[in-house]
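Shown next, in structure tokens, is the structure this report addresses.
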Amino acid sequence: MLNVLVTMRFTEAQLDRLRRVSPTLAVTRQDPDTADYSRTDILYAGAPPRDLARAPRLRWVQLHMAGVNALHDHPLYTESAVPLTTTSGVHAATIAEYAFTVLLALAHRVPRMVEWQTRGGWPPDEQRWPLFVPTEVRGAILGVIGYGSIGRELARLAKAAFAMTVLACKRDPARHADPDWCPPGTGDPEGALPDAWLGPAELPELLARSDAVVMCAPLTAETRRLLGAAEFRRMKPSAYFVNVGRGATVDERALAQALGEKRLAGAAVDVFAEEPPPAGHPLYGLDNVILSPHVSGFLPSYDDRCAELFAENLRRWLAGAPLLNLVDRARGY
């Protein structure tokens, strides 16, 4: 028997889904603060124990998170070779929907509409056109930084709904396919959608060409503060920027300055270097930015989808097949 311990609040129905994978799995759930890890072979957790001696039999950890930057100093990450897998792809569709929601809101001046609604008034006729004429999204150029599960779903929506040109920037642009978790009908698993593939050295080209740029990259040593003042100066004054990746990939002060000086048309930010952002954060108060409290990945079925992914990885583990969403410690994600 393999002992599988879940320390997230999975329901009995979700746990039963895991048990149905094989009679050789003994699946239990315990709270992380009081869990007994001593007999655990496979762990599903949001916060694995830092004392690895508490889990001497541990052979694999499925994490309840898409990114692993929060674990970069964790002993499980730095001092062990235990395989780690993530839930990347589980919320790719809803995050891509969020990105297009805020992009369309900015392009169609929705924040300005809400402002006038709050005033309880109607602008004079001669002001309606300059205030509310939209930016055309259909046929525009979308730059995607980080062509993982979120970026691929963005590309699918951009092509299918808005006939956009897609520029994909990733660490290894020669590797088009993505073998990791991708629910049927979503994303771009074969890498067939981008009109151009760009590497990190070609990021300036993506920024200069794009009408909208969406940051989807994970946080690593290479991507920390990837976008700063010089990068925002390369973007079109008519362009929009959306960050659904990690806040620390962006110099937030430089972004705020570009927005405040109208060197960018607008931005939407769901992730911040410090969460929650402190009072007086430079992005607060700007009239051309939409801020949200790291909610783009919220969806009611999140745990159901995580259980589905974990069940598939359990099947793969038992069959000796490659695990989905396996973390590469050398790359940092």
Give the residue, chosen from L193, L154, L104, L167, that is in a helix (DSSP H, G or I) and touching a residue at least 40 places away in the same chain (Cβ under 8 Å). L154
Out of curiosity, is T40 among the hydroxyl-bearing types (S, T, Y), outside any strand (DSSP E or B) and over 15 Å from E312 (Cα atoms)? yes
Tell me which residues, restricted to the stretch 116-135, are within 20 Å of Y240 (Cβ to Cβ) and more than 38 Å from the chain's Cα centre (by Cα). none
Selection status of L84, in contact (Cβ under 8 Å) with a residue 24 or more places away in the chain, among the hydrophobic types (A, V, I, L, M, F, W, C) and surrounded by 20 or more Cβ atoms within 10 Å (Cβ to Cβ): yes
Screening A273, A311, A307 for residues that are touching a residue at least 24 places away in the same chain (Cβ under 8 Å) and in the same structural domain as A107 (by TED's automatic domain parsing) leaves only A273
Residues of the stretch 210-232 that turn out to be over 19 Å from the mean Cα position of the chain (by Cα) and farther than 20 Å from A268 by Cβ, as a count: 1
Yes/no for L52 being surrounded by 18 or more Cβ atoms within 10 Å (Cβ to Cβ) and not β-branched (V, I, T): no
Among the candidates L324, L286, L259, L314, which residue alone is crowded, with 19+ Cβ neighbours inside 10 Å, at pLDDT 95 or above and assigned to a loop (DSSP other than H, G, I, E, B)? L324
Hits in the stretch 278-295 - residues which are touching a helix residue (DSSP H, G or I) at 6+ places or on another chain (Cβ under 8 Å), hydrophobic (A, V, I, L, M, F, W, C) and within 12 Å of A256 (Cβ to Cβ): L283, L286, V289
Scan the stretch 16-31 residue by residue and report those that are surrounded by fewer than 16 Cβ atoms within 10 Å (Cβ to Cβ) and under 29 Å from the mean Cα position of the chain (by Cα). D16, Q30, D31
Considering the stretch 170-185 alone, what residues qualify as being touching a residue at least 12 places away in the same chain (Cβ under 8 Å), under 17 Å from A96 (Cβ atoms) and more than 15 Å from the chain's Cα centre (by Cα)? D178, P183
Go through A254, A268 for me and flag whichever is in contact (Cβ under 8 Å) with a residue 40 or more places away in the chain, surrounded by 17 or more Cβ atoms within 10 Å (Cβ to Cβ) and closer than 24 Å to N69 by Cα. A268
So which residues in the stretch 116-130 are in a helix (DSSP H, G or I) and loosely packed, with under 14 Cβ neighbours inside 10 Å, if there are any at all? Q117, T118, R119, D125, E126, Q127, R128, W129, P130
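The values are calculated or read from the model by the stated rules, or taken from the named source; none is laboratory data. For clarity, every value in this text was computed on a predicted model and none was experimentally measured. Note that each Cβ is placed from the backbone with ideal geometry, even for glycine, and that neighbours are counted across all protein chains shown.
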